[in-house]
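Take a look at the structure below.
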Amino acid sequence: MKTLYRYEIEYRNEDGDTQVLLREFPVLQETQAAYFVGYPYQASEAFGRKVKKVSKTAMNTYAYDTKEKAKDHFIRRTQKRIKWFNFWIEECKEGLELIEYAN
């Protein structure tokens, strides 16, 4: 059975440290354009999902057919997230400064 891979961050909580997890998704069906993978993780129950469609042609897709591609995507995804968080930190600081001067 074919498997797709995705790296995800398991965020730090009071009891432990941040970890990076390698998720494995079994391919249930394959078409020319996409894979349909089983989605066995807790979030699937909350959203009523048991199957997820994964594009074969998209540059940024949910899961990948090799661990190396999954790792590369994790790095790109996380670097982009850091840029966005830094942008919003600066916006929030500027907003606080503006509101302080408004009064």
Quiz item: Inside the chain, counting only strands (runs of 3 or more DSSP E) that do not spill past its ends, which hold 3 or more residues that are touching a Gly at 6+ places or on another chain (Cβ under 7 Å) and either at pLDDT below 85 or surrounded by 10 or more Cβ atoms within 10 Å (Cβ to Cβ) (or both)?
Solution: 19-30
Exercise. Within region 56-103, work out how many residues are over 30 Å from residue 2 (Cα atoms) and of a type in the set (Asp, Glu).
Key: 5
Exercise. Being more than 15 Å from the chain's Cα centre (by Cα) and more than 14 Å from residue 30 (Cβ to Cβ) is the filter here, so list the residues in region 59-68 that pass it.
Key: 66, 68
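The values are calculated or read from the model by the stated rules, or taken from the named source; none is laboratory data. Source: prediction; values computed, not measured. Neighbour counts are summed over all protein chains in view; Cβ atoms, including those assigned to glycine, are modelled from backbone coordinates with ideal geometry.
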